[in-house]
Structure formats: structure tokens, C-alpha cells
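Participant: Take a look at the following structure, please.
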Amino acid sequence: MGSHNDRPGDGPDYPFDETGTARAVIDGDGILVEWNEGARRLLGHTSADVVGRPAADLLAPDAEVARPPAADNRWNGTLTLRHQDGRARTVWLLAHRLRPEQGDRSGWLVVTPVDNGDPLPTDDPLLTAFVEQSPCSTAIFDERLRLHRINTAMADALGLPEERIRGLRAPEIGSSPGTKELEEHMLRVLRTGQPEGLRTPMGTGSGADGAAWFSRIAPLAFEGRVRGVCVSAHDFTEHYLARQRLQLVNEASIRLGSTLDVTRTAQELADVFVPALADFVSVDLMDPLDHGGEPFSGPLSAPVSLRRAAHRSVHAGNPEAVVKVGQVEAYPASSPQADSLLAGRPIVAADPATTLSRWLAWDPVRRERVRTYGIHSTMSVPIQARGATLGVAVLTRFRRTDPFTADDVLIAGEITARAAVCIDNARRFSRERETALAMQRSLLPRTLPRTAAVEVASRYLPASRAAVGGDWFDVIQLSGMRVAMVVGDVVGHGVQASATMGRIRTAVRTLADIDLAPDELLTHLDDLVVQLSAEAGSEGTTGEVGATCLYAVYDPVARRCTLARAGHPPPVMLPPDGPPQEIPMPSGPPLGLGGLPFESTEVTLPEGSVLALYTDGLIESRDRDVDVSHRMLCQALARTSSSLDDTCHHILQALLPPTGIPDDVALLLARTRGLPTSQVATWDIPADPALVAPIRKQVVSQLGTWRLDEAAFTTELVVSELVTNAIRYGDRPIRLRLIHDAMTLICEVSDTSHTAPHLRRAKIFDEGGRGLLLVAQLTERWGNRHTAEGKTIWAELALGED
């Protein structure tokens, strides 16, 4: 016998006899899967006789029954059934769909009363008149909680005659969840004798939607005990629907615009509409919106080209959709999309077969979908914001039997208007993001220089859920084969942050060109950021300008690296024969505070060491601690292969989430190289002008050793001029150094004087003043840098060229 999980009203708390109702359950294929004792009493067949067999076998030979439409969730009527003894018996049956969402594939619960029970006393004519004539829908249930009597108002509300349903329980009369809840309250009233109230929607089963009722349940007591309950129901459907509409609008205000993404906001709009207002919704947008472009501002004309941004259905997989998300479709004048956009207002097509006949005739695929799913009502709502047309949302109904009403149009328009503002905000954000990203990428180095000091690789990833920030990196060639590596992060996001980043990066390059020490460079950079912040405040811009920065200079001759940082994460170093480790160094204040000192740290880096410089977006995460991120970074860096690009990929893959990053990330990896001592030559120069000629000969001889004879003439002139100036104007000791690699020869002359030379043009009758001009003409570039002991004048010659 058993019990069926989908049968309404059953449960362990219901202690009464179940044989008063004949009940059977039929699956979607028409096979009997349940047969209770009441059904055996009615037709004589046992459960073993009928379960597993087609229900049609119980019909009398001449009986016929038509399958109810998929939209009807309840059926009642009289059928002639076959009794176990062979007799034909005419029975009135009431059937409810067990799973309305499955349509024709849904099973059925079939019931009919068998025993109406003992009648309640009705001696009081006034009580009888009240039950029959009261405008309030009233029902009386006996102590078995089976229907004893209903008045005319209740019969009209249920759509069932009293004489047919007398003896049934509430969940057998109506199949909605509200009827089971009603019976639970009636059982409690029957046991306690205390009246209760219940506010719940209770569908009658005639369609997808039912009325909402407020039920007052009172005990009926006589002869010293409660013998039944009286249910008085009041229809508050309009109030209930109004509350639902208000709740839907409130829900939409919370769910819409959770992200500044056009496609995501369109999907949120579809999700709000289904299933609360429609069974299928499509959202199509004007094409430029997906890329942050301007919406179409001119007059629209058919056909209208729209891109599918989102859709949602009550069915899994959206089988009603003809257009895929991201696909562009041209909608003709007879389509609901084009008609609504051209009219500029919502349009309801209550009968697609006639109202949309031209469009459906033009599109046989949609015509077939309308027929297959029984689409009976369509509403198209234009998506408009700030005077611009952004797209259109089309709502359709097929599971719900009621058409769209004027109230539905109002609420759809209200929700769509809110979504339109969110979509327009997302569009504006996307446009600003694309602008900032284009500016950011244009201000970052397109390619990194190939130097003799380091091999480098880099990555820059913009934030996926916010505006582009001001992260940057750079590699700058310095004199003496040295190289500067810098990574920084400007506070804030958007175009302003990108512009500030560009100004700071330019300043770093300018300060690096005069060979400032890292701590001095950050001090000058701090002054610049303070000035930028003051300018922003004077222009009324909200927020101060701030930034962090890490600046490192590596010397391949000495294999030493000098670093300083301003509020930036410290770098991680992987030696060639050891585990990764963080380089300890003073943090320094962020740029923009002003007046605070910066300190440098100098470390020795063996040849082949890998240095990792990065911004905080790489290690800061809501899901883990910064220390954990540091360990993950070290582990990923330890996987260093011969390719630094592969190492960058491993690091980003290990530390960043696959769904998108909340902040910009800049990563710079550098593998150090050492310059062999055989490529460096050094001479201590006595302060005697007569010794310049022997020095020139030694230089030419060294060039011959290096097989650079083609550069001997130019190098001899440059060395002669730089050494002569050092002897004449500098202080002892004086030192000459030559450094070369495959492409460059560098001449450096150092002394202890802090006076820097200046390039000037000599007058006609001047006997001197042309030396540095000659050096500038003969070399690729020249300059001077100050050291703790004095200064160094250097000049670079390109090898392999005329």
C-alpha cells in the first residue's frame, strides 16, 4: 500500500482513518503506482491487483477520458469504472497534478470520497441560515477533519459542488501547499480547542495561480468536547498581490546592480523577473553597450540589431531561447522587440498567434517554440535611462495561465527602469575602465630593454571587478652597465590614478637619469607626490594623491644591489643554490607624507639570482593572510625554470583566483648576470698632464686585447679628454675604468671633486671649452654621477657601428 511523497496532506501527525477516501496515484506514463484501502473499498481491487498496471485498465469498456491540457492542474468529472466483480460503477473523481512544472509528464493524484461519516447536528435553523447565506466563505470539518459542509460562497471559490467533495480532507480538495498548512492548523485547533488564524495563498488547482486567503479557524464544541472545526476564509488576493509586487520591487532594488558589469546586470534583471512575473525572459541590448560605448541616440528604425545579453527560463537550460547569449539578431518591425523600441513604451501581446502572426510567419523557429511551449502572452519593455535607449526586455508566459495585466506592466516598467540605470552606470564604468586601461597600457613600457646586467620578464593584470588602478613597473639602463628596476602603486583607481602613475613614472626616469641613489630618488619623488596632492586639493579633486614605490639598482661588475622602498612590499630573492627569501630592508613611509627619511639597503646577489618585485595586489587576498601569500609566492618562485616568462605564469596562477582579481597586479622578475673581471680594466691616474699620452697607449693596448681595435681611435680621444679634465679640474685620487660587453664600451673617470662639468659651446677665440662637446659628438651618450667619494664622468660608445 505505502504512501506517496507527493500526496498532499499525509504525515505522521495525522492520526485519523484514511479509508474514508479512495485514493490512487498515476505516474506520467499512466501507470498506477499507489492504491489505498479506500480505493479497494470502492472498486474491490487490491493493491497487488492494480499497482504497476495502466490506469486505463480500470475503465469500463465504453468509457473514455480526454487528457487535461498541460495548463490545467486540476480535473474533475464522472467516469464509469470497472468493479472487481465485473460490474460497471459510475464514480465522480477529482484529480490533481503532482508536479505541475512537468506539464504533460506530471503524475496525478486521483481522489473521491467513500464515507461521508456521521453528520454534525444542525438543529439550529439560525446556524443553518448563517452557513448558507453568509457572504463569507465558510466550511465545516468534522472531528476526522473531513469536509462536512460548505456554503455557497465557499463552493463558488473552490469551483466544486458540495455534494461531490463532502467527506474529503482539505489537501484532497486543493493541492497547493497552503491546504496542507491549513489542515495542520485545523488539527491543532481540534486538539487544543483554541481558535487560530492563517494567512496563506491557496490555489484551487484550476491553473498555475490561486487566490490568497485569510482563514479564521474556530472549534465547534458540543456535548462537552470539540466535534469539529469551522473555517471562515476571506479573499485578500488583491492585497496579497500588491504586497508581492512591492516585495518584488524591493528585491529588485537589492539584486540589481550588484556589479558594474553590463552583462551581469542584464542577467540579474532576467533573474528577478523569473518566475515572479514571467516564465521566460530575454534581455537584448544595443550592441555598443557590451564594450562601454555610447548608446544609440538617433531615431530608431526597423529592423533593429540587438545583442542577446541574458535570458532566463523556469525550465533548466532555457529551451525556449532561439538566440544564444552574445549573438546579434536583427528584429523586424512586427517583432515585440522592435515594436516596443519604436513606440518607446511597454507593449503587451495577449495572443501571440494573432498579434505576432507576421513575425512568427517570418520566423518559423520561433513559431514552433510558441506552439511547443504554449506561449500565450508576451510583454516587451524598453530599457531606457537618462534619455537614451539601451535595449529591451521581453517577458513571456506559458506555465502561468493568466495573461499580463496592467499592474504587471507597471511593475515590469518600474523594475526595468531601475535596471536601466544600473546598466547605464555599468556602461559608463566600462567606458571609463577601457579608457583608463588604454592609458595605463600606453604609459607602461611596451618592451623591456635587453641589458648585460639582468634578464627580465614582467606581467601587468588590471583589476577585474573595479576600475583600473595605478600599478606600474619599469627597467631603466644606467651608466656603468648598471640597471634600475622599479615597481610602484598609485592610490586609487580610474583615469586619475593612471594619469598620476604616468607622471610619477616619468619623474622616476628623469631622476634615474641623473644617477641618484635609491634613497635620494625616493626623497625627490616624495616631494613630487606632495606637490601633486596639493594641486589636486586646489582643483577640488576629492582624495589626496599617494603612492608606494620600490627602487633597486643592480651593478653587474660588483654584483651588488642597492634598494630602497616607500611603503611598498619588500622583494623576494631566489639565490641560485638556495631557497627563496624576503630581502630585509626598512619599509619607509609611503610617498606623499613629506619630510620623512628613506633608507637604502645593499645586498650581494650571486650571478643567476632571481629578484621578484611586485605590487600588493599579488599578495593581498580576502581569503588568506599576507604571510600565507608570501609563502605561496616563495613556493611558486622556487619553481623557476630557464624561462622567466614561465615563472611569471606559475606565480600568477598560484596566487591569483581564477574568477578575477580585485586589485591591479604588477610583477617584475629579474635574473642577475655578472660581468667577468676580464671585461673590466682599471687604472689609477697620477695628477700629471704629461702622463696622459702613456695612459692612451695603455687603453689602446687593452682594446687590442679585447679585439676592439676598430674602437681604438674614438676611445683614445674620449679617454684623453676625460682624463685631462679630471687632472686639470678634479681632485686626487683619479681613476680610469673601461667596461665592455658585446655591444657597448664604457669609459669612466672618477675623482673626489663634487664639481660636475657642463656642456657648453666655445666662442671663436676661446682656446678651450670644446672637450665635452667633442665627447658628446663621438659617443652614444655621456653623463656624470655623484658618489660618496666624489663624482664619475662616463661616456658610452656603441660597438659594431661606424
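Participant: Looking only at GluC sites (Glu not before Pro) in DSSP loops with at most 10 other Cβ atoms within 10 Å, what is the longest site-free stretch of the chain? Don't jump to the answer; show the numbers that get you there.
Facilitator: Values: sites that count: Glu64, Glu223, Glu539, Glu767, Glu801.
Between the exposed loop sites, the longest stretch runs 224-538.
Participant: For an R0 of 35 angstrom, estimate the FRET efficiency from the Cβ-Cβ distance between Ala534 and Glu602 and round to the nearest 0.05. Each step should come with its number before you reach the end.
Facilitator: Numbers: r = 34 Å, r/R0 = 0.96.
According to the calculation, E is roughly 0.55.
Participant: Would you report the distance distribution of C-alpha pairs in the stretch 678-798 as whole percents per 10 angstrom bin, up to the bin with the largest distance?
Facilitator: With a bin width of 10 Å, the distribution comes to 13, 47, 34, 6, 0.
Participant: Read phi for every residue in the stretch 616-621 and hand back ³J(HN,Hα) as whole Hz from Karplus 6.51 cos²θ - 1.76 cosθ + 1.60, θ = phi - 60°, with x for Gly and Pro.
Facilitator: 5, x, 6, 10, 8, 8
Participant: Amide H of Ala22 versus every other amide H placed in the peptide plane: which residues, excluding those fewer than 5 positions away on the same chain, fall under 5 Å?
Facilitator: For Ala22, whose amide H was placed from the backbone, the distant partners under 5 Å are Thr112, Val114.
Participant: Toward the positive end of the charge dipole of the chain, about the Cα centre and with charges on Cβ (Lys, Arg +1; Asp, Glu -1), which of Ala302, Val231, Met485 goes farthest?
Facilitator: Final value for the positive-end residue is Ala302.
Participant: Taking the structure as given and computing P(r) over Cα pairs in 10 Å bins from 0, in percent, which label from (i) 3, 14, 25, 28, 21, 9, 1, 0; (ii) 2, 13, 23, 26, 20, 10, 4, 1, 0; (iii) 2, 10, 14, 13, 12, 11, 9, 9, 7, 5, 4, 3, 1, 0, 0 fits?
Facilitator: (iii)
Participant: Normalised by the number of residues in the chain, what is the relative contact order in percent for Cα pairs under 8 Å and 6+ residues apart?
Facilitator: Numbers: 1635 pairs, mean separation 53.9, N = 802.
In percent, rounded to a whole number, it is 7.
Participant: Using 0.36 nm times the number of residues separating Arg386 and Trp706, minus their current alpha carbon distance, what extension gain do you get? Let's see the in-between values first.
Facilitator: Details: separation 320, 0.36 × 320 = 115.20 nm, distance 7.31 nm.
Result: 107.9 nm gained on full extension.
Participant: Charges at C-beta only: +1 for Lys and Arg, -1 for Asp and Glu. How large is the resulting dipole of the chain about its Cα centre, in Debye rounded to 20?
Facilitator: Details: 81 positive and 103 negative charges, 184 e Å.
I would put it at about 880 debye.
Participant: Are there trypsin sites (Lys or Arg not before Pro) in the stretch 597-703 that DSSP marks as loop and that have at most 16 other Cβ atoms within 10 Å, and which are they? Write down the numbers at each step before the final one.
Facilitator: Numbers: sites: Arg622, Arg624, Arg631, Arg639, Arg671, Arg673, Arg696, Lys697; in loops: Arg622, Arg639, Arg673.
Those satisfying the criteria are Arg622, Arg639.
Participant: Here's a follow-up. Just going by the charge dipole of the chain, with Lys and Arg at +1 and Asp and Glu at -1 on Cβ, which of Val272, Leu722, Leu360 is farthest out on the positive end?
Facilitator: Leu360
Participant: Debye sum, Cα scatterers, the stretch 450-537, no solvent: what log₁₀ I/I(0) at q = 0.13 1/Å?
Facilitator: -0.49
Participant: What nm distance separates the two modelled labels at His649 and Asp235, each placed 7 Å from Cα along Cα→Cβ?
Facilitator: Going from the His649 label point to the Asp235 one covers 6.9 nm.
Participant: On to the next question. Sort out for me the Cα centre separation of the stretch 332-384 from the stretch 444-513, rounded to whole Å.
Facilitator: 54 Å
Participant: At q = 0.11, 0.13 Å⁻¹, what is the log10 ratio I(q)/I(0) for the stretch 21-113, with the Debye formula run over Cα points and no solvent?
Facilitator: -0.28, -0.39
Participant: So, one more: Charges on Cβ only, +1 for Lys and Arg, -1 for Asp and Glu, centred on the Cα centroid of the chain; of Gln531, Gln679, Ser334, which one is farthest towards the dipole's positive end?
Facilitator: Ser334
Participant: Whole-Hz Karplus ³J(HN,Hα) for the stretch 669-685, in order, using 6.51 cos²θ - 1.76 cosθ + 1.60 and θ = phi - 60°, x for Gly and Pro?
Facilitator: Per residue, the Karplus-derived 3J(HN,Hα) values read 10, 9, 9, 6, 10, x, 8, x, 5, 5, 9, 10, 10, 10, 10, 8, 9 Hz.
Participant: I would also like to ask the following. How large is ³J(HN,Hα) for each residue in the stretch 377-389, as worked out from phi by the Karplus curve 6.51 cos²θ - 1.76 cosθ + 1.60 (θ = phi - 60°), to whole Hz, x for Gly and Pro?
Facilitator: So the Karplus estimates, Gly and Pro as x, are 8, 10, 10, 10, 10, x, 9, 10, 8, 6, x, 10, 8 Hz.
Participant: Still on this model: Skipping prolines and chain starts, which residues have an amide H placed within reach, meaning under 5 Å, of the one on Ala349, given they are 5 or more residues away or on another chain?
Facilitator: Excluding prolines and chain starts, which carry no amide H, the hits are Thr378, Met379, Ser380.
Participant: May I ask you to list, by number, the DSSP H helices of the chain whose Cα span along the axis is at least 15 Å and whose average Kyte-Doolittle hydropathy reaches 0.5 or more?
Facilitator: Values: long enough: 177-192 (23 Å, -0.78); 237-255 (26 Å, -0.70); 262-273 (17 Å, 0.18); 406-443 (55 Å, -0.09); 495-513 (27 Å, 0.11); 518-538 (30 Å, 0.12); 626-637 (16 Å, 0.56); 644-655 (17 Å, 0.22); 692-705 (20 Å, 0.27); 712-729 (25 Å, 0.66).
TM-like helix candidates: 626-637, 712-729.
Participant: Starting from the Cα of Val226, step 7 Å along the direction of its Cβ; do the same at Asp684; then give the gap between the two resulting points in nm.
Facilitator: Each label point lies 7 Å from its Cα, and together they span 11.3 nm.
Participant: Determine the shape class of the stretch 444-672: with a ≥ b ≥ c the square roots of the Cα gyration tensor eigenvalues, call it rounded for a/c under 1.5, and otherwise prolate if a/b is greater than b/c, oblate otherwise. Please list the in-between numbers first.
Facilitator: Values: a/c = 1.74, a/b = 1.18, b/c = 1.48.
Oblate, since a/c reaches 1.5 and b/c is not below a/b.
Participant: Quick one: grab the alpha carbon gyration tensor of the stretch 241-434, order the square roots of its eigenvalues as a ≥ b ≥ c, and give me rounded if a/c is under 1.5, else prolate or oblate depending on whether a/b is larger than b/c.
Facilitator: oblate
Participant: Pull up all non-local amide H partners of Leu168: gap of 5 or more, or a different chain, and H-to-H distance under 5 Å with H placed in the peptide plane.
Facilitator: Placed amide hydrogens put Leu147 under 5 Å from Leu168.
Any read-out appearing in this document is the output of simple, stated calculations on the displayed coordinates, not a laboratory observation. Everything numeric in this text was worked out from a predicted model, so none of it was measured. Ideal geometry is used to build each Cβ from the backbone, glycine not excepted, and the neighbour counts take in all protein chains shown.
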